[in-house]
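Accompanying notes for the structure given below.
The values are calculated or read from the model by the stated rules, or taken from the named source; none is laboratory data. The shown structure was predicted, so the numbers you read here are calculated from the model rather than taken from an experiment. Cβ coordinates were reconstructed from backbone atoms using ideal geometry, including for glycine residues, and neighbour counts include every protein chain displayed.
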Amino acid sequence: MLVDTHCHLDKLNYNDLHTNVGDVLEKAKLRGVEQFLTVGVTLDAFPNMMEMIKDHPEVHASCGIHPLDVESEFDLSIFRQYAANDRVIAIGETGLDYFYQPESASRQRDLFEQQVEVAVEYNKPLIIHTRQAREDTLAILKNGQANKCGGVIHCFTEDWAFAEAAMDLGFYISISGIVTFNKATELKDVVRRLPLERILVETDSPYLAPVPYRGKENQPAYVREVAEYIGLLKGKSFEEVAQITTNNFKNLFLNK
Ligand SMILES: [Zn+2]
Ligand SMILES: [Zn+2]
């Protein structure tokens, strides 16, 4: 079995692509994807996301404020209340994105630090989004003692040195469909070097559909292409990649 460890089920196209969440999950299960982590990006959208998954226990949730959504409503007491929900197994996505929004960097750092603090207090792993902010991301994780709750660098696109620093903090590295893109040569090299025991697989759907679906809307079923491609790069069977990355998911998020 496979796990899509990072998707945004509340952002998929339910007008003409899928009839509802159950439909999305069925399509994924036909391809061996049996568990899901749907990731929150704002407090505003969180209640609706939880309502969507209420009849689907195979879907886990996270709660966070995305670095590109730091202008959205943020109330620490509401965040803490949402984060305490039993179905919330992770905090995030949170982190820093200086590529798209350098102008909100200080607000991003402030909300990131607050989310790290809650993650450590609740002992729920962090889901980190980072872009062009390697040093600040690592500094905030270290200062906040994020090694205590652990976490994942999602949709990894950084270099080998950053991957090593993240693994030193006990973090996992999550690989998305980007790895299948022709131009992603550095990422392919990082994946060849990473121990399979530190890798998670994700779609980040509806974004970043892997080859051969590039340009279409992404969906959890396509995490299979990501796992197959990792197998090719590492000379491992699909079954081995599926089994080990699923174990990694369980070790990080479920067997706390
Ligand atoms: Zn992200
Ligand atoms: Zn995401």
Query raised in the report: Out of curiosity, is ASN248 within 16 Å of ligand 1 (Cβ to nearest atom), at pLDDT 95 or above and either in a helix (DSSP H, G or I) or under 15 Å from the mean Cα position of the chain (by Cα) (or both)?
Result: no
Report task. Would you check if ASN248 is in contact (Cβ under 8 Å) with a residue 60 or more places away in the chain, away from ligand 2 (no atom under 16 Å from the Cβ) and within 26 Å of GLY170 (Cα to Cα)? Result -> yes
Query raised in the report: Scanning the range 93-104 for residues that are loosely packed, with under 14 Cβ neighbours inside 10 Å and in a helix (DSSP H, G or I), which turns out nearest to ligand 1 (Cβ to nearest atom)?
Result: PRO102
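Given the residues GLU58, GLU51, GLU34, GLU73, which is the only one that is at pLDDT below 95 and not small (Gly, Ala, Ser)?
GLU73
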**Report entry** Which listed residue, of ARG131, ARG87, is within 15 Å of ligand 1 (Cβ to nearest atom), within 18 Å of the chain's Cα centre (by Cα) and basic (Lys, Arg)
**Finding:** ARG131
Requested in this report: Go through the range 44-59 and give me each residue that's closer than 11 Å to LEU9 by Cα and in a helix (DSSP H, G or I).
Outcome: ASN48, MET49, MET50, MET52
Report task. Tell me which residues, restricted to the range 68-92, are assigned to a helix (DSSP H, G or I) and either of a type in the set (Phe, Trp, Tyr) or touching a Phe, Trp or Tyr at 6+ places or on another chain (Cβ under 8 Å) (or both). Result -> LEU68, PHE79, TYR82, ALA83
Query raised in the report: Which condition number does VAL211 fail, the rest of (1) of a type in the set (A, V, I, L, M); (2) more than 16 Å from ligand 1 (Cβ to nearest atom); (3) closer than 27 Å to GLY22 by Cα; (4) in contact with a strand residue (DSSP E or B) (Cβ under 6 Å, 6 or more places away or on another chain) being met?
Result: (4)
Requested in this report: Might you check whether a residue that is touching a residue at least 24 places away in the same chain (Cβ under 8 Å), surrounded by fewer than 19 Cβ atoms within 10 Å (Cβ to Cβ) and under 20 Å from GLU202 (Cβ atoms) occurs anywhere in the range 145-156?
Outcome: no
Query raised in the report: Identify, please: which residue in the range 26-42 is in a helix (DSSP H, G or I) and surrounded by fewer than 24 Cβ atoms within 10 Å (Cβ to Cβ) and is, among those, nearest to ligand 1 (Cβ to nearest atom)?
Result: LYS27
**Report entry** Per-region count, the range 105-129, residues in contact (Cβ under 8 Å) with a residue 60 or more places away in the chain and assigned to a strand (DSSP E or B)
**Finding:** 2
Query raised in the report: Scanning the range 138-163 for residues that are part of a helix (DSSP H, G or I) and closer than 14 Å to VAL191 by Cβ, which turns out farthest from ligand 1 (Cβ to nearest atom)?
Result: TRP160
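Inspect all residues belonging to the range 211-221 and state whether any of them is out of contact with any Lys or Arg (no Cβ under 9 Å at 6 or more places or on another chain), of a type in the set (Lys, Arg) and over 21 Å from VAL152 (Cα atoms). Spell out how you get there, then give the answer.
Going through the range 211-221, the residues out of contact with any Lys or Arg (no Cβ under 9 Å at 6 or more places or on another chain) turn out to be 211-218.
When the remaining residues are screened for being of a type in the set (Lys, Arg), the result is 214, 216.
Within this subset, residues satisfying the condition of being over 21 Å from VAL152 (Cα atoms) are 214, 216.
Yes, there is a match, as at least one residue in the range 211-221 is out of contact with any Lys or Arg (no Cβ under 9 Å at 6 or more places or on another chain), of a type in the set (Lys, Arg) and over 21 Å from VAL152 (Cα atoms).
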Report task. Go through the residues of the range 74-84 one by one and say whether even a single one is without any contact (Cβ under 8 Å) to a residue 12 or more places away in the chain and within 19 Å of the chain's Cα centre (by Cα). Result -> no
Requested in this report: Pick out the one residue from ILE173, ILE140, ILE178 that is modelled with pLDDT of 95 or more, touching a Leu at 6+ places or on another chain (Cβ under 8 Å), surrounded by 16 or more Cβ atoms within 10 Å (Cβ to Cβ) and more than 23 Å from LYS234 (Cβ to Cβ).
Outcome: ILE140
